[in-house]
Amino acid sequence: MTVIVGAGLAGLVCARLLAERGGAREFLLLEAEAEPGGRVRSQRTAEGYTLDRGFQVLLDSYPAVRRHLDLAALAPRYFGSGAILAEPGTAKRWLVSDPRRHPGDAWQIALTGAFPLADKARLLALVAQVLATPDDALLAETRSARDVSTAHFLWARGFSPAVIERFLRPFFGGVFLDDRLATSAGLFRYYLKKFSTGRALLPALGMGEIPRQLARDLPPGVLRLNCRVARIETAASQRATAVVTESGERIPCDRLLLATDPPAAARLLGKLEASERAEREALGDLTVYFSSAAPLYPQPMLVLPAGRGRLVRDFAQVTNVAPEYAPPGRHLLSATVLDRPGAKHAFDLRDDDALFAAAQREIAAVFPTADRLLEPLAVVRIRYGQRPQPAGFARDLTAAPAPTHLANVWRLGDGTTANSIQTAMTSGEQTAKAFLAA
């Protein structure tokens, strides 16, 4: 019996391929929560709002997404290919679109005063360069000794503070949960290519529809929800013999695949110090949701407030993209607040009332009507959003299925690859193929 622990995207893709090609009776997929998906989940409130577990989007340029998902069945709702850049506390706002997808905006983009003409030329040249570079080569940079931070890369390429502070820092700071831009430049260039070649979308019923679609393809009885694994039983031969759940059930296994986040995997493997370190270093975020009777702005785009040290790194009128996220006649706005290790704030981020008030003030510095329109709805906290991915981070990673000190236990997903929907799915795919071949 093969047991997979964790029904996030890596575990689900692995289980799906094992079921398709290896026989359903050979494995179980155990998930601690009441639904699959890991960090890619949604909840529907009693009032009819869909709240994703953090602001997330799906890129249709991810190859694994096209291999494993039926995009049409997700009823995709697409963002516009661009963003609204804003200088908080002023009336300055710039709509910047991708001229390849919005040719009518080309002159507006060329003439925008958001950043100098030289920066526009540098951006176009960089996009052309990454488009000409294979994905594998871009990701290989994250394992290279020549890799540098995104901040250093942008400085070395001559980008001005205007384009960094008004566009690159707020946008990629939200993607990486790191607005210091200490993240690998190789990873930055990979994401720049994916955003340039694809479109960002939301499933009409929420990001949680992605794991639900994957789970629907599994044979009955394979996926067990509300089944949290408490420990691994081992033999003297340094092999796992069973997993024991919190309810006390013992499930024997010949092979064990850990598709959990790094803190949980280290804890199950008895590496308590490593687990605590991973928890301590994790990049978290909080998503502050507001409802309103009218939208703050009409475009289906993300708003990027300029500058460093902001509480709200980005925000989006989600219902401009997917009206289904709110009940009829209502609107939903999502604001991302980064939770970095060691960061100091003027108030306790655990205080919902203070968080709502501070987020609303920052949004109102861009759109003054936020003061009267926005109504606090919910705060979604994600303590482990991503692990740090500094320059050369992938040198310390072993691709899935990554061996452990137990001879018949392997890891996949987080901790074996970069953090993204694409790489999570790919790690599940690689693990299933390795075991089916064996």
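List of remarks:
- Ser160 being surrounded by fewer than 19 Cβ atoms within 10 Å (Cβ to Cβ), touching a Phe, Trp or Tyr at 6+ places or on another chain (Cβ under 7 Å) and more than 30 Å from Gly48 (Cβ to Cβ): yes
- Being closer than 23 Å to Leu168 by Cβ, assigned to a strand (DSSP E or B) and modelled with pLDDT under 95 is a property that Leu304 lacks.
- Count of the stretch 267-293 residues, restricted to those that are within 22 Å of Asp178 (Cβ to Cβ) and touching a helix residue (DSSP H, G or I) at 6+ places or on another chain (Cβ under 6 Å), is 5.
- Considered as a group, the residues in the stretch 179-198 that are in a loop (DSSP other than H, G, I, E, B) and among the hydrophobic types (A, V, I, L, M, F, W, C) include one that is nearest to Gly82 (Cα to Cα), and that residue is Leu181.
Results for (1) farther than 25 Å from Asn419 by Cα; (2) surrounded by fewer than 19 Cβ atoms within 10 Å (Cβ to Cβ); (3) touching a strand residue (DSSP E or B) at 6+ places or on another chain (Cβ under 7 Å); (4) of a type in the set (Lys, Arg), shown as yes or no for each residue.
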{"site": "Glu233", "(1), (2), (3), (4)": "yes, yes, yes, no"}
{"site": "Val243", "(1), (2), (3), (4)": "yes, no, yes, no"}
{"site": "Glu246", "(1), (2), (3), (4)": "yes, yes, yes, no"}
{"site": "Glu249", "(1), (2), (3), (4)": "yes, yes, no, no"}
{"site": "Cys253", "(1), (2), (3), (4)": "yes, no, yes, no"}
{"site": "Leu256", "(1), (2), (3), (4)": "no, no, yes, no"}
{"site": "Ala259", "(1), (2), (3), (4)": "no, no, yes, no"}
{"site": "Pro263", "(1), (2), (3), (4)": "no, no, yes, no"}
{"site": "Ala266", "(1), (2), (3), (4)": "no, no, no, no"}
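- Single residue of Glu20, Glu87, Glu26 found to be at pLDDT below 95, closer than 25 Å to Pro376 by Cα and either touching a Ser or Thr at 6+ places or on another chain (Cβ under 8 Å) or not aromatic (Phe, Trp, Tyr) (or both): Glu87
- Pairs with Cβ under 7 Å, 6+ apart, first in the stretch 29-53 and buried (at least 20 other Cβ atoms within 10 Å of the Cβ), second acidic (Asp, Glu) and assigned to a loop (DSSP other than H, G, I, E, B): Arg41/Glu35
- Hits in the stretch 382-438 - residues which are over 14 Å from Leu17 (Cβ atoms) and among the aromatic types (Phe, Trp, Tyr): Tyr384, Phe393, Trp410
- For Leu124, the conditions (1) over 19 Å from the mean Cα position of the chain (by Cα); (2) part of a helix (DSSP H, G or I); (3) in contact (Cβ under 8 Å) with a residue 12 or more places away in the chain; (4) more than 28 Å from Ala75 (Cβ to Cβ) all hold with the exception of (3).
- For Leu71: the one exception among (1) surrounded by fewer than 20 Cβ atoms within 10 Å (Cβ to Cβ); (2) among the aliphatic types (A, V, I, L, M); (3) within 28 Å of Pro328 (Cβ to Cβ); (4) more than 19 Å from the chain's Cα centre (by Cα): (4)
- Wholly enclosed strands (runs of 3 or more DSSP E) of the stretch 199-284 bearing at least 1 residues touching a residue at least 24 places away in the same chain (Cβ under 8 Å) and within 23 Å of the chain's Cα centre (by Cα): 200-203, 255-258
- All positions within the stretch 160-178 that are in contact with a helix residue (DSSP H, G or I) (Cβ under 6 Å, 6 or more places away or on another chain) and either charged (D, E, K, R) or not in a helix (DSSP H, G or I) (or both): Ser160
- Checked against the criterion of being assigned by TED's automatic domain parsing to the domain that holds Arg350, within 24 Å of Gly385 (Cβ to Cβ) and among the aliphatic types (A, V, I, L, M), the candidates Ala306, Ala265, Ala294 yield just one match: Ala306.
- Helices (runs of 4 or more DSSP H) contained entirely in the stretch 319-438, each with at least 3 residues that are crowded, with 20+ Cβ neighbours inside 10 Å, out of contact with any Lys or Arg (no Cβ under 8 Å at 6 or more places or on another chain) and in the same structural domain as Val288 (by TED's automatic domain parsing): 352-364
- Filter pass, Leu18 being in contact with a strand residue (DSSP E or B) (Cβ under 6 Å, 6 or more places away or on another chain), assigned by TED's automatic domain parsing to the domain that holds Leu268, under 18 Å from Ala402 (Cβ atoms) and outside any loop (DSSP other than H, G, I, E, B): yes
- Some residue of the stretch 355-370 being farther than 24 Å from Gly307 by Cα and among the β-branched types (Val, Ile, Thr): no
- In the stretch 148-161, the residues that are more than 21 Å from Pro388 (Cα to Cα) form Cβ pairs under 8 Å with partners that are part of a loop (DSSP other than H, G, I, E, B) and among the hydrophobic types (A, V, I, L, M, F, W, C), at six or more places apart or across chains, as follows: Ala156/Val148; Ser160/Phe115.
- Residues satisfying the stated conditions in the stretch 376-433, i.e. aromatic (Phe, Trp, Tyr) and under 29 Å from Arg146 (Cα atoms): Tyr384, Phe393
- Per-region count, the stretch 247-263, residues touching a helix residue (DSSP H, G or I) at 6+ places or on another chain (Cβ under 9 Å) and farther than 21 Å from Gln430 by Cα: 1
The values are calculated or read from the model by the stated rules, or taken from the named source; none is laboratory data. On a predicted model such as this, the values are computed, not experimentally measured, just so you know. Note that we place each Cβ from the backbone using ideal geometry, even for glycine, and neighbour counts take in every protein chain shown.
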